[in-house]
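Note sheet for the following structure.
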Amino acid sequence: AQKITQTQPGMFVQEKEAVTLDCTYDTSDQSYGLFWYKQPSSGEMIFLIYQGSYDEQNATEGRYSLNFQKARKSANLVISASQLGDSAMYFCAMREMDSSYKLIFGSGTRLLVRP
Amino acid sequence: AAGVIQSPRHLIKEKRETATLKCYPIPRHDTVYWYQQGPGQDPQFLISFYEKMQSDKGSIPDRFSAQQFSDYHSELNMSSLELGDSALYFCASSPDSYNEQFFGPGTRLTVL
(Lines give C-alpha, C1' and ligand atoms only; values in the text may rest on other atoms or scores of the structure.)
Protein backbone atom coordinates (compact mmCIF):
# COMPACT_ATOMS: atom_id res chain seq x y z
CA ALA A 1 0.00 0.00 0.00
CA GLN A 2 1.13 3.51 -0.71
CA LYS A 3 2.18 5.60 2.25
CA ILE A 4 3.45 9.09 2.99
CA THR A 5 5.60 9.79 6.05
CA GLN A 6 6.31 13.18 7.54
CA THR A 7 8.52 12.72 10.57
CA GLN A 8 8.55 16.32 11.80
CA PRO A 9 5.37 17.12 13.74
CA GLY A 10 6.55 20.69 14.30
CA MET A 11 9.37 22.98 13.29
CA PHE A 12 10.60 26.49 14.02
CA VAL A 13 12.46 28.72 11.57
CA GLN A 14 13.74 32.24 11.89
CA GLU A 15 12.23 34.79 9.53
CA LYS A 16 14.22 35.18 6.27
CA GLU A 17 15.97 31.83 6.72
CA ALA A 18 15.39 28.72 4.62
CA VAL A 19 13.70 25.61 5.99
CA THR A 20 13.33 22.04 4.74
CA LEU A 21 10.26 19.95 5.50
CA ASP A 22 10.82 16.22 5.13
CA CYS A 23 8.61 13.79 3.24
CA THR A 24 9.26 10.18 2.36
CA TYR A 25 6.94 7.93 0.43
CA ASP A 26 6.43 4.29 -0.28
CA THR A 27 4.97 2.97 -3.51
CA SER A 28 5.47 0.14 -5.94
CA ASP A 29 4.15 2.21 -8.85
CA GLN A 30 6.57 3.52 -11.46
CA SER A 31 4.35 6.47 -12.26
CA TYR A 32 3.16 8.71 -9.44
CA GLY A 33 2.80 12.33 -8.43
CA LEU A 34 3.85 14.13 -5.30
CA PHE A 35 2.28 17.29 -3.95
CA TRP A 36 2.74 19.78 -1.16
CA TYR A 37 -0.17 21.69 0.32
CA LYS A 38 -0.21 24.48 2.89
CA GLN A 39 -3.02 24.72 5.44
CA PRO A 40 -3.12 27.97 7.42
CA SER A 41 -5.08 28.24 10.64
CA SER A 42 -8.08 29.38 8.61
CA GLY A 43 -8.32 25.82 7.27
CA GLU A 44 -8.11 26.07 3.52
CA MET A 45 -5.79 23.75 1.58
CA ILE A 46 -3.46 25.71 -0.68
CA PHE A 47 -1.59 23.90 -3.46
CA LEU A 48 2.11 24.75 -3.43
CA ILE A 49 4.08 22.51 -5.74
CA TYR A 50 3.94 19.28 -7.77
CA GLN A 51 6.58 16.75 -8.81
CA GLY A 52 5.96 13.94 -11.27
CA SER A 53 7.91 10.72 -10.89
CA TYR A 54 9.32 11.05 -14.40
CA ASP A 55 10.30 14.70 -14.05
CA GLU A 56 14.07 14.92 -14.26
CA GLN A 57 14.33 18.35 -12.73
CA ASN A 58 13.24 19.37 -9.26
CA ALA A 59 10.07 21.43 -9.28
CA THR A 60 10.23 25.07 -8.24
CA GLU A 61 7.49 27.63 -7.63
CA GLY A 62 8.72 30.98 -6.40
CA ARG A 63 10.15 30.50 -2.90
CA TYR A 64 9.15 26.85 -2.89
CA SER A 65 11.27 24.07 -4.31
CA LEU A 66 10.97 20.33 -4.08
CA ASN A 67 14.10 18.29 -3.43
CA PHE A 68 13.14 15.08 -5.22
CA GLN A 69 15.40 12.08 -4.58
CA LYS A 70 13.75 9.18 -6.33
CA ALA A 71 16.17 6.48 -5.18
CA ARG A 72 15.64 7.51 -1.57
CA LYS A 73 11.89 7.98 -2.13
CA SER A 74 11.98 11.42 -0.62
CA ALA A 75 10.30 14.65 -1.71
CA ASN A 76 11.35 17.36 0.71
CA LEU A 77 9.90 20.85 0.49
CA VAL A 78 12.35 23.73 0.75
CA ILE A 79 11.02 27.17 1.60
CA SER A 80 13.53 29.93 1.05
CA ALA A 81 13.50 33.33 2.80
CA SER A 82 10.77 32.36 5.28
CA GLN A 83 8.06 34.88 5.99
CA LEU A 84 5.73 35.20 8.97
CA GLY A 85 2.86 34.26 6.68
CA ASP A 86 4.48 30.89 6.05
CA SER A 87 3.43 29.76 9.53
CA ALA A 88 0.99 26.96 8.80
CA MET A 89 0.52 23.21 8.57
CA TYR A 90 2.20 21.62 5.56
CA PHE A 91 1.03 18.35 4.06
CA CYS A 92 2.89 16.14 1.65
CA ALA A 93 0.62 14.02 -0.54
CA MET A 94 0.92 11.33 -3.19
CA ARG A 95 -1.46 10.71 -6.03
CA GLU A 96 -2.46 7.08 -6.29
CA MET A 97 -2.44 5.81 -9.85
CA ASP A 98 -5.67 3.90 -9.51
CA SER A 99 -9.11 4.52 -10.90
CA SER A 100 -9.52 7.95 -9.39
CA TYR A 101 -6.02 9.35 -8.70
CA LYS A 102 -7.05 10.28 -5.19
CA LEU A 103 -4.50 11.85 -2.86
CA ILE A 104 -2.95 10.11 0.12
CA PHE A 105 -1.69 12.59 2.72
CA GLY A 106 1.05 12.49 5.30
CA SER A 107 0.38 13.52 8.89
CA GLY A 108 1.66 17.03 8.30
CA THR A 109 4.32 19.34 9.72
CA ARG A 110 3.41 22.48 11.62
CA LEU A 111 5.83 25.27 10.78
CA LEU A 112 6.20 28.34 12.96
CA VAL A 113 8.20 31.28 11.65
CA ARG A 114 9.80 33.39 14.36
CA PRO A 115 10.25 37.15 13.83
CA ALA B 1 -9.65 33.11 -11.30
CA ALA B 2 -12.63 31.02 -10.29
CA GLY B 3 -12.11 28.65 -7.40
CA VAL B 4 -13.93 25.70 -5.94
CA ILE B 5 -17.01 26.82 -4.02
CA GLN B 6 -18.35 24.95 -1.04
CA SER B 7 -21.49 25.63 0.88
CA PRO B 8 -22.24 26.04 3.63
CA ARG B 9 -18.93 27.07 5.15
CA HIS B 10 -20.08 26.17 8.65
CA LEU B 11 -22.79 23.78 9.75
CA ILE B 12 -23.98 22.77 13.19
CA LYS B 13 -26.20 19.73 13.56
CA GLU B 14 -27.54 17.53 16.33
CA LYS B 15 -26.86 13.81 16.57
CA ARG B 16 -29.04 11.71 14.29
CA GLU B 17 -29.82 14.66 12.02
CA THR B 18 -28.96 14.85 8.33
CA ALA B 19 -26.67 17.24 6.48
CA THR B 20 -26.06 18.08 2.84
CA LEU B 21 -22.80 19.63 1.73
CA LYS B 22 -22.48 21.19 -1.71
CA CYS B 23 -19.50 21.62 -3.98
CA TYR B 24 -19.21 23.67 -7.16
CA PRO B 25 -16.02 22.78 -9.04
CA ILE B 26 -13.92 25.14 -11.10
CA PRO B 27 -15.53 25.55 -14.57
CA ARG B 28 -14.49 22.83 -17.03
CA HIS B 29 -13.21 20.59 -14.24
CA ASP B 30 -14.90 17.24 -14.66
CA THR B 31 -13.45 15.41 -11.65
CA VAL B 32 -14.55 16.02 -8.07
CA TYR B 33 -13.12 14.55 -4.87
CA TRP B 34 -14.44 14.65 -1.30
CA TYR B 35 -12.09 14.47 1.70
CA GLN B 36 -12.77 14.44 5.44
CA GLN B 37 -10.29 16.01 7.87
CA GLY B 38 -10.87 15.28 11.55
CA PRO B 39 -9.40 17.54 14.25
CA GLY B 40 -5.60 17.37 14.18
CA GLN B 41 -5.62 14.78 11.38
CA ASP B 42 -4.69 14.66 7.73
CA PRO B 43 -7.40 14.66 5.06
CA GLN B 44 -8.88 11.26 4.27
CA PHE B 45 -10.39 10.43 0.89
CA LEU B 46 -14.12 9.71 0.89
CA ILE B 47 -15.37 9.49 -2.69
CA SER B 48 -14.73 10.81 -6.19
CA PHE B 49 -16.63 11.41 -9.40
CA TYR B 50 -15.54 11.68 -13.01
CA GLU B 51 -17.98 12.87 -15.64
CA LYS B 52 -20.89 12.42 -13.24
CA MET B 53 -20.03 8.80 -12.49
CA GLN B 54 -18.55 7.57 -9.23
CA SER B 55 -14.92 6.71 -9.91
CA ASP B 56 -13.65 5.60 -6.51
CA LYS B 57 -14.79 5.14 -2.95
CA GLY B 58 -12.71 5.35 0.22
CA SER B 59 -13.55 4.98 3.88
CA ILE B 60 -16.98 6.49 3.51
CA PRO B 61 -19.64 5.29 5.96
CA ASP B 62 -22.80 3.73 4.55
CA ARG B 63 -24.67 6.63 6.17
CA PHE B 64 -23.03 8.94 3.63
CA SER B 65 -23.89 9.18 -0.04
CA ALA B 66 -22.85 11.53 -2.79
CA GLN B 67 -23.49 12.32 -6.40
CA GLN B 68 -22.37 14.59 -9.18
CA PHE B 69 -25.02 16.38 -11.19
CA SER B 70 -25.29 17.30 -14.87
CA ASP B 71 -23.77 20.73 -14.17
CA TYR B 72 -20.83 18.95 -12.44
CA HIS B 73 -21.63 20.23 -8.98
CA SER B 74 -21.58 17.57 -6.30
CA GLU B 75 -23.44 16.99 -3.05
CA LEU B 76 -22.42 14.90 -0.05
CA ASN B 77 -25.39 13.69 1.94
CA MET B 78 -24.83 12.58 5.51
CA SER B 79 -27.54 10.91 7.57
CA SER B 80 -27.82 9.74 11.20
CA LEU B 81 -25.00 12.08 12.14
CA GLU B 82 -22.66 11.03 14.91
CA LEU B 83 -20.33 13.06 17.10
CA GLY B 84 -17.39 11.55 15.24
CA ASP B 85 -18.59 13.07 11.98
CA SER B 86 -17.48 16.49 13.23
CA ALA B 87 -14.75 17.46 10.80
CA LEU B 88 -13.69 19.73 7.99
CA TYR B 89 -15.03 18.42 4.68
CA PHE B 90 -13.13 19.40 1.58
CA CYS B 91 -14.17 19.20 -2.01
CA ALA B 92 -11.46 19.31 -4.65
CA SER B 93 -11.72 19.50 -8.41
CA SER B 94 -9.37 18.68 -11.22
CA PRO B 95 -9.47 19.33 -14.98
CA ASP B 96 -8.60 15.70 -15.43
CA SER B 97 -7.50 12.99 -13.06
CA TYR B 98 -3.85 13.50 -13.84
CA ASN B 99 -3.42 17.09 -12.79
CA GLU B 100 -3.32 18.81 -9.44
CA GLN B 101 -6.43 18.98 -7.34
CA PHE B 102 -7.70 22.39 -6.35
CA PHE B 103 -9.34 22.43 -2.96
CA GLY B 104 -12.35 24.42 -1.87
CA PRO B 105 -12.36 26.32 1.44
CA GLY B 106 -14.05 23.41 3.20
CA THR B 107 -17.23 22.99 5.20
CA ARG B 108 -16.74 22.76 8.93
CA LEU B 109 -19.37 20.40 10.33
CA THR B 110 -19.98 20.29 14.06
CA VAL B 111 -22.26 17.59 15.44
CA LEU B 112 -23.56 18.26 18.95
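Expressed as a whole percentage, what fraction of the accessible surface of the protein assembly as shown belongs to carbon and sulfur atoms when a 1.4 Å probe is rolled over the protein heavy atoms?
Details: 5290 of 10900 Å².
With neighbouring chains kept in place, the figure for the protein assembly as shown is 48 percent.
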Subject >> Where B meets A: accessible area buried, both sides, 1.4 Å probe, Å² >> reply: 1700
**OP:** Would you please give the FRET efficiency between A:Asn67 and B:Ile5, computed as 1/(1 + (r/R0)^6) with r the Cβ-Cβ distance and R0 = 22 Å, to the nearest 0.05?
**Re:** 0.05
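Under Stokes-Einstein, with the Kirkwood radius over Cα pairs standing in for Rh, what whole-number D in µm²/s applies to the protein assembly as shown at 25 °C and 0.890 mPa s?
Numbers: Rh = 18.1 Å.
After rounding, the answer is 136 µm²/s.
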Original post:
Hey, can you list the residues from the stretch B:83-110 whose accessible area shrinks by 50 Å² or more with all protein chains present, relative to the chain by itself (probe 1.4 Å, no ligands or nucleic acids)?
Top reply: B:Ser97, B:Tyr98, B:Glu100, B:Gln101, B:Phe103
Subject >> the stretch A:1-67 versus the stretch B:10-64: alpha-carbon centroid distance in Å >> reply: 24
Original post:
Can you work out ³J(HN,Hα) from phi for every residue in the stretch A:9-23, in order, using Karplus 6.51 cos²θ - 1.76 cosθ + 1.60 and θ = phi - 60°, giving whole Hz and x for Gly and Pro?
Top reply: x, x, 9, 10, 8, 7, 3, 6, 8, 8, 9, 10, 9, 7, 8
Original post:
Taking the convex hull of the alpha carbon atoms in chain A, what volume per residue do you get, in Å³?
Top reply: 97
**OP:** Might you report the magnitude of the Cβ-based charge dipole of the protein assembly as shown about its Cα centre, with Lys and Arg at +1 and Asp and Glu at -1, to the nearest 20 debye?
**Re:** 460
Subject >> 25 Å Cα-Cα threshold exceeded, pairs from B:Lys22/B:Lys57; A:Lys73/B:Lys22; A:Lys3/B:Lys52; A:Lys3/B:Lys13 >> reply: A:Lys73/B:Lys22; A:Lys3/B:Lys52; A:Lys3/B:Lys13
**OP:** With N denoting the number of residues in the stretch A:1-54, provide Rg(C-alpha) divided by 2.2 N^0.38 Å, to two decimal places.
**Re:** 1.36
Subject >> Estimated dipole of chain A in Debye, rounded to 20 [Cβ of Lys and Arg +1, of Asp and Glu -1, Cα centre] >> reply: 220
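The values are calculated or read from the model by the stated rules, or taken from the named source; none is laboratory data. Please read all numbers here as calculations on a predicted model, not as lab measurements. In this analysis, Cβ positions are derived from the backbone assuming ideal geometry, glycine residues included, and neighbour counts consider all displayed protein chains. Accessible surface is based on the protein model in full, side chains and every heavy atom, while ligands, DNA and RNA are left aside. Shrake-Rupley method; radii C 1.70, N 1.55, O 1.52, S 1.80 Å.
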